[in-house]
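The values are calculated or read from the model by the stated rules, or taken from the named source; none is laboratory data. Please read these numbers as outputs of a predicted model, since none were measured by experiment. FYI the Cβ positions are ideal-geometry reconstructions off the backbone, even for glycines, and counts take in every protein chain you see.
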Amino acid sequence: MAATATTEAPVFDKKTWMGGVEPMKVSYGKLMMWFFLISDTFTFSALLVTYGLIRFSFQAYDPAIHGEFHFSNLYWPIPEKVYEAVPFLHGVELPLVFVGIMTFILIFSSVTMVLAVEAGHRMDKAAVEKYMLWTILGGLTFLGSQAWEWTHFIHGTEEGSVIREIVNGQWVERTIFGANLTENQYGPPAFADLFFFITGFHGTHVLSGVVLNILIFYRTSFGLYQRRGHYEMVEKVGLYWHFVDLVWVFVFTFFYLV
Amino acid sequence: MADHSSHHHDTEPGVIAEPQTKAIWRTFIILSVLTAFEFLIAFTLHAGFLKTSIFVLMTIVKAFYIVGEFMHLKHEVKSLIWAIILPCIFVVWLLLALLMEGGFIFVAR
């Protein structure tokens, strides 16, 4: 590829736009990735704003009114009481520990991704491969953790929760375990719905990110980017991967902490 | 960054520059410390305005480091930075408006 595409014959360099100018001094692909990420930001914002609206329209848990915290569909649950299980530690109450581990996994895979981008700048093929593998591993670990958390959430605690409902004009008591889209042992059904939608939509993004990372790893190891002369594809997919990490930072705060 | 052409292989094949990873690890440490701090707050403070504001503040700082350093936005041109940040400010307004709306729905129920 011509390294000096200035005044000579019009060599089409992928990094300059067709008119020979580069708006905002970024390549076409990167700018479009940024605009896609902005639109994706709106989608995730819509989900989180919906969570805020629905949560504020429900009764909040108040120790003065409701006494000791227990799962009830009369008020919105406290997340740290819901997410307190950790794999292999059955029956041990460890609030938010597993979510914390998942957060660190994702942050760390973001770091290995940015290390891969840095290695790409230096045309260090071996280092790009190494860091892409770590990133893929981090993504897969996160997905596995999320699968475990969903399974636990769906199956529920051993005791379950007793709910009262009117069936054929009579009050009936029934114990429900776990949650699905219509029933929820932890609180109002809307809480479970939002959990499935928000973490599910994020998990789908992680999944597609892992698929893209595998593709990039494959093409790196076959030397495509080395032949092309630059590793910009690693940067573009890196932008997407960091965005997925960024969304998790927000989900972690607004779904699990606040 | 602006000068992509410098990444074209003007170095000899086989000669690989030294890694420049100091800033990356620094950002990682900042993100880790902030997350650990959030955990600390989650179990030491009672729910309330102060706790929520600390969480929101920590989240914004973390977002700044991820977008600024990892996604490199801090080092892009100003017009790109604003093209990304401005729309997000309107989202904040949507969030506040609908949180208030949620409060009204609660009262009306």
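Take the conditions without any contact (Cβ under 8 Å) to a residue 60 or more places away in the chain, within 27 Å of A:SER57 (Cβ to Cβ) and either part of a helix (DSSP H, G or I) or under 14 Å from the mean Cα position of the chain (by Cα) (or both) and apply them to A:ALA147. Does it pass? Even if it seems obvious, please write down each step before you answer.
Working: without any contact (Cβ under 8 Å) to a residue 60 or more places away in the chain: yes; within 27 Å of A:SER57 (Cβ to Cβ): no; either part of a helix (DSSP H, G or I) or under 14 Å from the mean Cα position of the chain (by Cα) (or both): yes.
No: the conditions fail for A:ALA147.
From A:ALA85, A:ALA64, A:ALA60, which residue is modelled with pLDDT under 90, closer than 27 Å to B:LEU95 by Cβ and of a type in the set (A, V, I, L, M, F, W, C)?
Answer to the selection: A:ALA60.
Looking only at segment A:106-135, which residues are over 20 Å from B:VAL67 (Cβ atoms), among the aliphatic types (A, V, I, L, M) and part of a helix (DSSP H, G or I)?
A:ALA119, A:ALA126, A:ALA127, A:VAL128, A:MET132, A:LEU133 - these are the residues of segment A:106-135 that are over 20 Å from B:VAL67 (Cβ atoms), among the aliphatic types (A, V, I, L, M) and part of a helix (DSSP H, G or I).
On the given criteria, is A:GLY29 under 29 Å from B:PHE37 (Cβ atoms), part of a helix (DSSP H, G or I) and not hydroxyl-bearing (Ser, Thr, Tyr)?
Working: under 29 Å from B:PHE37 (Cβ atoms): no; part of a helix (DSSP H, G or I): yes; not hydroxyl-bearing (Ser, Thr, Tyr): yes.
It is false that A:GLY29 is under 29 Å from B:PHE37 (Cβ atoms), part of a helix (DSSP H, G or I) and not hydroxyl-bearing (Ser, Thr, Tyr).
If I go through segment A:24-41 residue by residue, how many of them are loosely packed, with under 15 Cβ neighbours inside 10 Å and under 19 Å from A:PHE197 (Cα atoms)?
1
Table: residues versus (1) surrounded by fewer than 14 Cβ atoms within 10 Å (Cβ to Cβ); (2) at pLDDT below 90; (3) facing chain A (nearest Cβ under 8 Å).
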| position | (1), (2), (3) |
| --- | --- |
| B:PRO13 | yes, yes, no |
| B:PHE28 | no, no, yes |
| B:PHE70 | no, no, yes |
| B:LYS78 | yes, no, no |
| B:LEU86 | yes, no, no |
| B:PHE90 | yes, no, no |
| B:LEU94 | no, no, yes |
| B:LEU98 | no, no, yes |
| B:ARG109 | yes, yes, yes |
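Which members of segment A:58-78 meet the condition of being surrounded by 13 or more Cβ atoms within 10 Å (Cβ to Cβ) and among the small types (Gly, Ala, Ser)?
A:ALA60, A:SER72
Quick check: is even one residue across segment A:152-173 within 12 Å of chain B (Cβ to nearest Cβ) and over 22 Å from A:PHE201 (Cβ atoms)?
Checked against the condition, which is being within 12 Å of chain B (Cβ to nearest Cβ) and over 22 Å from A:PHE201 (Cβ atoms), segment A:152-173 yields no hits at all.
State which residue is farthest from the other protein chains (Cβ to nearest Cβ) when the search covers only segment A:52-61 and only residues that are assigned to a helix (DSSP H, G or I) and hydrophobic (A, V, I, L, M, F, W, C).
A:ILE54
Can you tell me which residue among A:LEU181, A:LEU194 is touching a helix residue (DSSP H, G or I) at 6+ places or on another chain (Cβ under 6 Å) and surrounded by fewer than 16 Cβ atoms within 10 Å (Cβ to Cβ)?
Among A:LEU181, A:LEU194, only A:LEU181 is touching a helix residue (DSSP H, G or I) at 6+ places or on another chain (Cβ under 6 Å) and surrounded by fewer than 16 Cβ atoms within 10 Å (Cβ to Cβ).
Kindly check whether there is at least one residue in segment B:43-57 that is touching a residue at least 12 places away in the same chain (Cβ under 8 Å) and not acidic (Asp, Glu).
So far as segment B:43-57 goes, yes, one or more of its residues are touching a residue at least 12 places away in the same chain (Cβ under 8 Å) and not acidic (Asp, Glu).
Collect the residues in segment A:113-130 that are of a type outside the set (Gly, Ala, Ser) and either buried (at least 24 other Cβ atoms within 10 Å of the Cβ) or in contact (Cβ under 8 Å) with a residue 40 or more places away in the chain (or both), keeping them in residue-number order.
Residues satisfying the conditions are A:MET113, A:VAL114, A:VAL117, A:HIS121, A:MET123, A:LYS125, A:VAL128, A:GLU129.
Can you pull out every residue in segment A:62-95 that is in a helix (DSSP H, G or I), β-branched (Val, Ile, Thr) and under 26 Å from the mean Cα position of the chain (by Cα)?
Selection gives A:VAL82 alone.
Which pairs turn up if I take residues in segment B:97-109 that are touching a residue at least 60 places away in the same chain (Cβ under 8 Å) and look for partners that are surrounded by 14 or more Cβ atoms within 10 Å (Cβ to Cβ) and basic (Lys, Arg) with beta carbon separation below 9 Å, at least 6 apart in sequence or on another chain?
Sorted first by the residue in segment B:97-109, then by its partner, the list stays empty.
Check whether at least one residue in segment A:44-61 is closer than 23 Å to A:GLU235 by Cβ, under 28 Å from the mean Cα position of the chain (by Cα) and among the aromatic types (Phe, Trp, Tyr), and report yes or no.
The answer is yes, given that some residue of segment A:44-61 is closer than 23 Å to A:GLU235 by Cβ, under 28 Å from the mean Cα position of the chain (by Cα) and among the aromatic types (Phe, Trp, Tyr).
Grab the helices (runs of 4 or more DSSP H) fully contained in segment A:163-258, keeping just those with 1 or more residues being closer than 26 Å to B:LEU40 by Cα, at pLDDT 95 or above and not charged (D, E, K, R).
Fully inside segment A:163-258 and qualifying: A:189-221, A:232-251.
Just one of A:ALA46, A:ALA64 is among the hydrophobic types (A, V, I, L, M, F, W, C) and at the interface with chain B (Cβ under 10 Å from one of its Cβ atoms); which is it?
After applying the criteria, what remains is A:ALA46.
Restricting to segment A:218-234, and then to whatever is within 27 Å of B:LYS62 (Cβ to Cβ) and either crowded, with 24+ Cβ neighbours inside 10 Å or of a type in the set (Phe, Trp, Tyr) (or both), can you tell me which residue is nearest to the chain's Cα centre (by Cα)?
A:VAL234
Would you tally the residues in segment A:96-144 being polar (S, T, N, Q), within 16 Å of the chain's Cα centre (by Cα) and more than 9 Å from chain B (Cβ to nearest Cβ)?
Result for segment A:96-144: 3.
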